[in-house]
Each structure stands twice: as structure tokens, then as C-alpha cells.
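First comes the structure, then the notes that go with it.
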Amino acid sequence: MEKKTKDQAADKVVLYHEKYRPQVHFSPPEHWMNDPNGMVYYEGEYHLFYQHYPESSVWGPMHWGHAVSKDLIHWENLPIALYPDSLGYIFSGSAVVDWKNTSGFGSSENPPLLAFFTYHNPDIEQAKKIEIESQAVAYSLDKGRTWTKYEKNPVIKNPGIRDFRDPKVFWHEESQRWIVALASGQVIRFYSSPDALNWTYLSEFGEGYGCHDGVWECPDLFSLKVKGTAETKWVLIVNINPGGPSGGSATQYFVGDFDGKKFTSTQHQPLWMDHGRDNYAGVTWSDAPDDRRILIGWMNNWQYAGDKPCVTWSGAATFPRELGLVKDRSLYLLTSDPVREIQTIRGESVELKKGTVDQLAVLSDQFAFSKAPIELALTFNQAENTRITFPSNYGIRLKNAKGEYITIGYNNLDKFFYVDRTHATGIVFSDKFAGIQVVPYIVTTPEIEWRFIIDVSSVEFFTAGGRIVITNVFYPSDPFDIIELFTENGKIDYTQGTITELHSIWK
């Protein structure tokens with residue numbers, strides 16, 4: 001047994017140190033990963049399932065891969081949880097703890113874990129029929145280590161909708177019913193059930209709301225308290241592909257009310273959870289402790305997902321994010337912040353000397369570690385009395401000696417954040433990858449904090465109190481090891497800053 005453990009550890013070191021391999025983000029040991037699935041917390045473990053093809057690093061017949069964590073940061077890879085069968089591939093879904101044993105699969109002493117997933121039938125698809133997708137359930141009585149599919153699957157048959165998938169299930173205490181949100185073409189359909197097995201159609205939401213430039217996918221519905229108030233609102237997450245504000249895949253959300261039957265909202269225009277190119281299919285954990293609402297997404301974009309220069313594996317998850325809700329004038333806005341458990345991987349930290357940026361300031365000269373993974377926080381002075389020196393643009397660049405770089409900045413004239421990754425790759429692997437992303441936002445506070453999680457091949461940018469998030473991957477020839485601040489046509493002060501080394505989660 002000891003020898004096997006050592007061999008497994010050796011394999012892990014080899015697998016998790018390839019070029020471009022994320023060091024503080026979850027990725028599968030090998031082969032393809034896309035949507036996170038079945039996130040549920042039970043008996044001290046966060047379960048992460050994910051869309052997985054175990055035979056290649058490109059998309060194929062979908063399985064549910066599986067990993068668990070005690071802290072949302074360090075992950076233990078487990079055997080594949082769900083395999084395709086005669087009813088089809090195992091597409092996306094969710095998982096819950098059936099605490100009251102409404103399904104009858106377990107007992108009050110040992111409540112079952114229930115996994116809800118979409119069957120995607122390739123034979124029906126090949127026959128060019130509509131009823132390709134249906135919803136099914138599996139259960140586990142051993143903390144998610146093994147799963148048994150319900151013998152009477154599917155539990156929700158296809159009602160004649162081509163794209164009918166991604167069940168997100170939760171227990172609605174007020175109605176004493178399970179509720180499922182299902183992506184159904186370009187609307188979300190809601191069903192209820194007393195036992196998680198027999199489902200009744202309730203309503204739908206979506207026509208006339210949000211963006212409809214692509215198929216709606218991977219919904220989530222949950223309540224959140226509005227920060228600083230006693231008010232509670234419901235949030236409906238809807239992933240869409242294509243149609244994102246920066247091209248390709250993205251996540252829109254709606255804030256409103258849910259009465260156990262209908263979701264209603266006065267918000268007709270889409271709000272976007274992440275304005276970058278690489279956060280998709282994000283959904284949240286069920287039963288997270290302390291009523292936290294924690295989300296994780298797929299750090300990729302369907303425009304180029306199969307073309308990336310990775311060989312052993314393909315796909316990674318975003319850093320887990322805790323969601324909040326604030327009210328800005330008439331709008332309710334989601335906020336996203338890296339989970340506090342990031343402190344478990346923090347290493348050496350350096351306080352940056354406050355200073356003024358006049359055209360160029362090389363931050364990486366102030367500390368010994370500049371290669372990823374690192375966490376960086378900077379506070380810029382936005383006070384009125386400094387505006388005479390304000391530049392037209394200011395921001396940060398991550399660079400290498402070969403002249404490759406990614407720019408994250410703020411345009412102070414036209415009031416928008418932007419990311420330019422036109423020069424962020426060593427090779428051109430897709431004509432859809434390069435480009436500039438723009439996020440309109442007027443900074444009104446005296447100071448504004450910019451926060452970054454920078455991994456080997458990705459950057460996640462959080463600002464404006466988590467209201468603005470921009471996630472991007474990159475693939476330079478050599479790692480970005482130069483960090484510089486820049487301004488154009490003026491100066492700006494940064495009043496404080498911290499750069500922190502992050503330890504690999506795979507060591």
C-alpha cells in the first residue's frame with residue numbers, strides 16, 4: 001500500500017507540471033474537461049463533478065469526472081462517477097443532499113446524495129429527431145464514492161424541445177418541494193417534485209428578457225440577501241453560447257423574485273457575471289456551510305476550447321468565488337470575490353511602496369517572485385483633487401522578455417475597463433482568441449482596488465467591489481515574469497499594494 005501511494009504521488013507531480021498547467025486552479029489529471037457539475041457539500045467535503053471525456057483532450061462522449069476538497073482549494077481526484085449508457089451521454093447537472101429521504105433511496109440516518117443529469121442520446125440525434133435530451137437521477141449512499149442510476153430513468157422526459165438540459169435542483173422550504181431549473185432552448189423551465197422522482201411543470205422565464213444570441217444553458221436559481229439591508233432577492237443565472245459581451249460563451253443573470261412556482265423580474269436587459277472570455281457554465285454549491293453562495297465556472301470559451309496548445313489535459317475551473325448582492329441605484333448587482341480559503345496557499349507577501357505612475361513603473365523590480373502563481377492587489381487614487389493629472393488610460397501589463405503581454409486597463413476618458421490579449425500567445429491557434437474586451441463603468445469612489453489572481457496561463461481581475469470581473473487565459477511562449485504599471489497622457493497614484501506568492505495546490 002505504501003509503494004502504491006508513493007507511485008501515485010509521483011504520477012501527480014509529473015501530470016501537474018506541464019507547460020501552461022494551472023497551479024492554483026482545478027484541472028483534471030488528463031484529457032478533456034468542460035462544465036462543472038453536481039457541486040454539493042456533505043460531511044466536510046466539497047464535491048466537484050465535471051463534464052469529462054477520459055480518452056482524449058478534445059470533446060467526446062461525456063462522463064462525470066469527480067474530485068473532492070475540504071477547503072475548496074486542494075483537490076483529491078476520484079474515479080469517474082457516471083458513465084454513458086444505452087440512454088446516452090451524461091451531460092451537465094447538479095447534486096443535492098436528500099436530507100429528508102424524500103426519494104426513498106436512503107434513510108434518515110444515511111440520507112442519499114442525489115445527482116441530476118441530462119441524458120444526451122446520440123442515436124436519436126443521428127436520426128435527426130428532436131427528443132434528444134431528457135433528465136435523469138442517480139443516488140449515492142457512500143458519500144458520493146459510488147453511484148446507482150435510478151432504474152426508471154428518465155424522470156423528466158423530453159417535451160419536444162431540441163435543447164433541453166442542465167437540471168439545477170434545490171429544496172424550496174416554503175413550498176416543501178424540490179425545484180428544478182432547466183435550460184429549454186432560449187428559456188428556463190421550472191418543475192417541482194415532492195420526491196425528486198415525479199416532476200410537475202410549473203412555469204418558464206426568458207422570452208423578452210436578456211440576451212438570446214445563443215442557446216441558454218446551465219441555469220442556477222438561489223436567494224441572496226442584499227448587502228447592508230434586510231431584503232432578500234432571487235438570482236437566476238443563465239449561461240449562453242454564443243452571445244457573450246466579449247464574444248462566444250458567457251454568463252448572464254437576472255435578479256427578481258420566486259414564489260415557488262414562477263420567477264419574475266423587472267430586469268429585461270442582461271447583466272453579465274464576468275466580462276472576460278473565459279468563465280462559462282458557472283453554477284453554485286448546494287448546502288455550502290454558513291449559507292455561503294460559492295460559484296465555480298469552466299475557464300474556457302467554446303470559440304476555441306478544442307484548439308488550445310495543451311496536450312495532456314484540456315480545460316480548467318475558475319478560482320471558486322463567493323457571490324454577494326448589492327443595490328446600485330435601481331439595479332441589483334452580483335458581486336464576486338475569491339473565496340477566503342485562498343489564505344491556505346498564500347506564501348511570502350510584499351507590501352509595495354506607494355508611488356506615482358508616470359508612463360511606466362516596473363512593479364516586479366520590488367520583489368523576488370514575479371512568476372505565477374501570485375495574488376496582486378493595488379489601490380489607485382481616484383480623488384477629485386488629483387484629476388488634473390489623470391491619464392487617459394492606466395493599468396497593468398503582464399509581460400515576458402519576448403515581447404508577449406496582456407494588458408488590463410481603465411480608459412478614463414470614455415469610462416471603461418478593458419483587457420487586451422492581442423499579444424498574449426506565442427502561437428496563433430485560433431482566429432477567435434485575440435482581441436480587446438471592454439466593460440463600461442464609471443468609477444465614482446475616491447479610491448478603487450484592483451485585485452488579480454494570476455496563474456501560469458490565466459488572470460482573474462476583480463474590481464469595483466466585485467461588481468466587475470474579467471477572466472482570461474493566455475499562452476505565451478515563456479511565462480509572464482514582468483509586471484508593470486503604465487499610464488498614457490498623465491499620471492496616477494497608487495496608495496497601497498500587496499503581491500503575494502501562491503503555493504501550488506498540487507504539491
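The values are calculated or read from the model by the stated rules, or taken from the named source; none is laboratory data. Note that the structure is predicted; figures quoted are calculated from it, not measured. Glycine also receives a Cβ, built like all others from the backbone with ideal geometry; neighbour counts cover every protein chain displayed.
Among strands (runs of 3 or more DSSP E) entirely within the stretch 315-361, having at least 2 residues that are closer than 19 Å to residue 256 by Cβ singles out 321-328, 331-338.
Of the residues 488, 460, the single one that is in contact (Cβ under 8 Å) with a residue 60 or more places away in the chain and surrounded by fewer than 16 Cβ atoms within 10 Å (Cβ to Cβ) is 488.
Looking across the stretch 279-314, the residues that are farther than 20 Å from residue 248 by Cβ and either assigned to a strand (DSSP E or B) or of a type in the set (A, V, I, L, M, F, W, C) (or both) come down to 284, 285, 286, 288, 294, 311, 313. Among the residues of the stretch 84-105, are any assigned by TED's automatic domain parsing to the domain that holds residue 182, in a helix (DSSP H, G or I) and more than 24 Å from residue 220 (Cβ to Cβ)? Within the stretch 84-105, not a single residue is assigned by TED's automatic domain parsing to the domain that holds residue 182, in a helix (DSSP H, G or I) and more than 24 Å from residue 220 (Cβ to Cβ). Restricting the first residue to the stretch 1-27 and requiring it to be not assigned by TED's automatic domain parsing to the domain that holds residue 479 and buried (at least 19 other Cβ atoms within 10 Å of the Cβ), which pairs with a second residue that is part of a helix (DSSP H, G or I) and modelled with pLDDT of 90 or more meet a Cβ separation below 8 Å and a spacing of at least six or different chains? Close Cβ pairs satisfying both conditions: 24/345.
Residue 320 meets the conditions (1) touching a His at 6+ places or on another chain (Cβ under 6 Å); (2) crowded, with 21+ Cβ neighbours inside 10 Å in every case but one. The failed one is (1). With respect to the conditions (1) within 19 Å of residue 491 (Cβ to Cβ); (2) surrounded by 13 or more Cβ atoms within 10 Å (Cβ to Cβ), residue 424 lacks only one, and its number is (1).
Scanning the stretch 32-54 finds no residues that are over 22 Å from residue 96 (Cβ atoms), assigned to a loop (DSSP other than H, G, I, E, B) and among the acidic types (Asp, Glu). Residues that are touching a residue at least 12 places away in the same chain (Cβ under 8 Å), surrounded by fewer than 20 Cβ atoms within 10 Å (Cβ to Cβ) and not assigned by TED's automatic domain parsing to the domain that holds residue 241 number at least 1 in none of the strands (runs of 3 or more DSSP E) confined to the stretch 151-225.
For the stretch 57-78, the count of residues that are at pLDDT below 95, assigned to a loop (DSSP other than H, G, I, E, B) and of a type in the set (S, T, N, Q) is at least one.
If you go through the stretch 230-238 one residue at a time, do you hit one that is assigned by TED's automatic domain parsing to the domain that holds residue 64, at positive phi and in a strand (DSSP E or B)? No, there is no match, as no residue in the stretch 230-238 is assigned by TED's automatic domain parsing to the domain that holds residue 64, at positive phi and in a strand (DSSP E or B). Residue-level check: of (1) crowded, with 20+ Cβ neighbours inside 10 Å; (2) part of a loop (DSSP other than H, G, I, E, B); (3) in contact with a Phe, Trp or Tyr (Cβ under 8 Å, 6 or more places away or on another chain), residue 391 misses just (3).
Each row is one residue, and each column tells you yes or no for (1) assigned by TED's automatic domain parsing to the domain that holds residue 462; (2) crowded, with 20+ Cβ neighbours inside 10 Å; (3) within 28 Å of residue 72 (Cα to Cα); (4) modelled with pLDDT of 95 or more.
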| site | (1), (2), (3), (4) |
| --- | --- |
| 244 | no, yes, yes, yes |
| 265 | no, no, no, yes |
| 287 | no, no, yes, yes |
| 292 | no, no, yes, yes |
| 298 | no, yes, yes, yes |
| 301 | no, yes, yes, yes |
